[in-house]
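First up is the structure itself, then whatever we jot down about it.
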Amino acid sequence: MTHHVSVLVQTPTHSSVSRPLTYRSESLLAPGTLVRVPFGTRETLGVVWDSPSDLDPTLLVEKIRGVAGVLDAIAPLGESWRQLVTFAANYYQRSAGEVALAALPPQLRDLSPLQLARHLKRSAKQAGADPGGSTVASAPAELSAEQAQAINNFHAQAGPFLLFGATGSGKTEVYLQCVAQLLEQDPSAQALVMVPEINLTPQLEARFVARFAPRYGPQAVVSMHSGMTPAQRLKAWLAAHAGLARIVLGTRMAVFASAPGLRLIVVDEEHDPSYKQQEGARYSARDLAVYRARLDGAKVLLGSATPSLESWHHSRPADQGGRYVRLEMPSRIGPQAALPLVRRVDMNHQPKRAVFSPPLLDAIIQRAGRGEQSMILLNRRGYAPVLNCGACDWKSQCAHCSAFRVFHKIDRTLRCHHCGFTERVPRACPECGNLDLSTVGRGTERLEEHLVELLVDVRRPNQEPLRIARIDADTTRLKGALESQLAQVHAGDVDVLVGTQMIAKGHDFRRITLVAAINPDGALFSSDFRAGERLFSLLMQAGGRAGRDADISGAAEMWVQTFHPQHPLFEALKRHDYPAFAAQQLTERAQAGLPPFSFQALVRAEARTQDVAQAFLAAASAAVGASAEQAQVTLYPPVPMSMQRVANVERAQMLVESPSRAALQRFMANWHEVLHATRALPQAKGLIRWSIDVDPLAI
């Protein structure tokens, strides 16, 4: 008997083929079954979505193509997983096939049923031959009163939960013990623990493996992130899908992991912008985690020392409309532990052009003399942002982007951090031939060089020269480089650590007692209304790296060099008062009608010229006219993006805003056909692509 099934395949972005396609099957296939199907001239992986109740009458039955193969060695994907994909596709305005197939391991897309069966057989043999690790699990830490109260409240209520804990308050131990109790109570339960960045995965994985692998086996803890090889990702995904992996650790992509026994989701550092995908389906993994917990009947725990203002707003008291339960841990672990003292240095009163104020430099020297470590934060890599000619005012502009190429002294290159265009530093000015080229501004590479010059005569307690290291995207390109450098810091082989935001969050540096932020003022006056929130979060997280060892935390300090020491942001930072900062920011946003008091979407267009990009957006806006106002939606005029040109592609954007999330969603869903139709208009000739970003983080 022949059956007809609907199959999702990975269709091109914003393709008119966005719905499931109908195929013929010799056997009845359950929804969620993975299949190989012909698509155009090639064969691709698909997911059976449902059985079509009514065939399109215009479709010739004899033209329906057959399923090429069934990957029946893998159990069908569950109903809640399919509901999550459907919701994500609808909410973020993408096709369901694009979301579903992107969530599966890349290697799985290339395996035939026979190849998959061989792979599973080989993996089973290897698992049987693996003797496992140590039989003794690491002991749970003794809980503080605040930790114990947070865990009790977590078990007593349904959630969702926001764990608001100071840096060093022991949030990770709370995660570990919540997971441990879950696994004890339910032998089939699984937990998903998410971190914002790949470089935070190894240290968290080490703690979870030490705690759970001895008891539940070597496959109990798996990781999922883009830094893994295709084979590793497939192995981890299969273990989670089969229920063998009890704990899944991962970055934002892990929110789509197939885990049929999912009962707990933890989102660590939930405020981090890295949870928002910036290409393809621009989903927020944090928001999807909350929705997925509801689908699976699981609990969700969001944790941060500086929660996003959206989550903080949702965790207000229930009688004021709050939807989350707030758990608070304001104190650091240990009887003597304390948050670092924040010192503001008014750079208006320091020597002109001083990079390090004399008091800060003296403090670094004193720490080094006592064998303690210092951390210097400058969120800009490279040697200098711009190379400049003083004679004709030539600057190192990128030929393909509306940005300057950054000067990297270590390899004498000018490198664009947007399109990757790289050239050797010219011997003379390309415009006038002047040999005297100068640098403008500074990055971490130049900061490191300057520190070496300033501290050349300073000695460690054993009279060895001071050791200065730099950690940023340039020094950690090679595989294993980051782990090696972090190990040196943990071992005490580094006295002064210079770096970008890579070192500012999540790391447990026990020997650092001083953190200094160099020139953080740029974000205070940014056109992006979220810039202040990001800066406060970065500084609070960076300051949290200091004094994590209770024996030395009393001496821990954070120095902030600024030309605006009286700014409310720095006033709140000095008191470690996130609630006061959040209240001030939320008041301003409420007055301006900005999120979380309104809801936004960005429509972006890319074309060969800026005129074409803006003309497309303007035509699409004009096509809806008064219907947008009737739907409680405001369409703002199209404007160039802040980074207007990247890789010779001009970019424009148009903001869509509404006080109602539901109204915005209805409007965007109906607007799709208008956008497709607009692309066919003459004024859109030359348009390369368009995309929609719901709940954008940067405008």
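The values are calculated or read from the model by the stated rules, or taken from the named source; none is laboratory data. No experiment lies behind these values; they were computed from the predicted model shown. Every residue, glycine as well, gets a Cβ built from its backbone with ideal geometry; the counts of neighbours run over all protein chains shown. Quick note on the areas: whole protein, heavy atoms, side chains included, nothing else; ligands and nucleic acids left out. Shrake-Rupley method; radii C 1.70, N 1.55, O 1.52, S 1.80 Å.
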For peptides 176-184, 104-112, sequence by mean Cβ density within 10 Å, most packed first: 176-184, 104-112
Remind me, relative contact order of the chain in percent, using alpha carbon pairs under 8 angstrom and six or more residues apart? 11
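Where the only charges are on Cβ atoms (+1 Lys, Arg; -1 Asp, Glu), what is the dipole of region 561-685 about its Cα centre, to the nearest 20 debye?
Values: 11 positive and 9 negative charges, 53 e Å.
The dipole magnitude comes to about 260 debye.
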Whole-Å distance linking the alpha carbon centroid of region 93-110 with that of region 290-364 is 35
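Could you calculate the FRET efficiency of Ala391 with Ala75 from 1/(1 + (r/R0)^6), where r is the beta carbon distance between them and R0 is 56 Å, rounded to 0.05?
Values: r = 70 Å, r/R0 = 1.26.
E between Ala391 and Ala75, to the nearest 0.05, is 0.20.
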Any idea of the accessible area per residue across region 243-303, 1.4 Å probe, to the nearest Å²? 27
Rh (Kirkwood; distinct C-alpha pairs) - region 394-452, Å: 12.3
Between Thr229 and Ser27, what length comes free when the chain is fully extended (0.36 nm per residue of separation minus the Cα-Cα distance, one decimal in nm)? 69.3 nm
So for region 425-576, using the alpha carbon gyration tensor with a ≥ b ≥ c as root eigenvalues (a/c under 1.5 gives rounded; past that, a/b versus b/c decides prolate or oblate), I'd call it oblate
By how many degrees, 0 to 90 and rounded to 10, does the Cα axis of helix 444-454 deviate from the longest principal axis of the chain? 20
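In what sequence, highest mean first, do 314-321, 648-655 appear when ranked by Cβ atoms within 10 angstrom?
Averaged packing, sorted descending, gives the order 648-655, 314-321.
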Within region 503-533, which residues have the backbone N less than 14 Å from the label spot 7 Å out from Leu655 along Cα→beta-carbon, could you tell me? 526-531
Rounded to the nearest 20 debye, what is the charge dipole size of the chain about its Cα centre when +1 sits on each Lys and Arg Cβ and -1 on each Asp and Glu Cβ? 1020
Accessible area per residue, Å², region 311-394 with all protein chains present, probe 1.4 Å: 49
With all protein chains present, how much of the accessible area of region 317-457 (probe radius 1.4 Å) comes from carbon and sulfur, to the nearest whole percent? 48
Measure nothing fancy, just the Cα-based angle from helix 113-129's long axis to the longest principal axis of the chain, in degrees from 0 to 90, nearest 10. 50
On a 0 to 90° scale, report how tilted helix 171-185 is relative to the longest principal axis of the chain, with both axes built from alpha carbons and the result rounded to the nearest 10. 30
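Accessible area of region 261-313 with a 1.4 Å probe: how many percent of it is carbon plus sulfur? Before the final figure, lay out the partial values.
Details: 570 of 1340 Å².
Using a 1.4 Å probe with all protein chains present, region 261-313 comes out at 42 percent carbon and sulfur.
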In percent, what relative contact order does region 372-506 have, based on Cα pairs under 8 Å that are 6 or more apart in sequence? 31
Surface per residue (accessible, 1.4 Å probe) for region 593-673, Å²: 44
Go through the cysteines of the chain and tell me which have no other cysteine Cβ under 4.7 Å away. Cys178, Cys419
Region 578-644, relative contact order in percent, only Cα pairs under 8 angstrom and at least six apart counted: 20
Compute the distance from the alpha-carbon center of region 506-544 to that of region 386-455, in whole Å. 26
Compute the separation of the alpha-carbon centres of region 224-282 and region 631-675 and state it in Å as a whole number. 30
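Have a look at the DSSP beta bridges in the chain and tell me what percent are antiparallel, nearest 5.
On the way: 53 of 104 bridges.
Looking only at bridges with both residues in the chain, the antiparallel portion is about 50 percent.
What length, rounded to one decimal in nm, is gained on full extension from Asp521 through to Gln366, with 0.36 nm per residue of separation minus their alpha-carbon distance?
Values: separation 155, 0.36 × 155 = 55.80 nm, distance 2.65 nm.
Extra length available between Asp521 and Gln366 comes to 53.1 nm.
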Take peptides 658-671, 583-596, 249-262 and line them up by average Cβ neighbours within 10 Å, highest first, as a rough protection proxy. 249-262, 658-671, 583-596
Integer Hz, Karplus 6.51/-1.76/1.60 couplings in order for region 102-108, x for Gly and Pro: 5, 7, 8, x, x, 5, 5
Principal axis dimensions, largest first and in whole angstrom, of the chain by Cα: 85, 68, 55
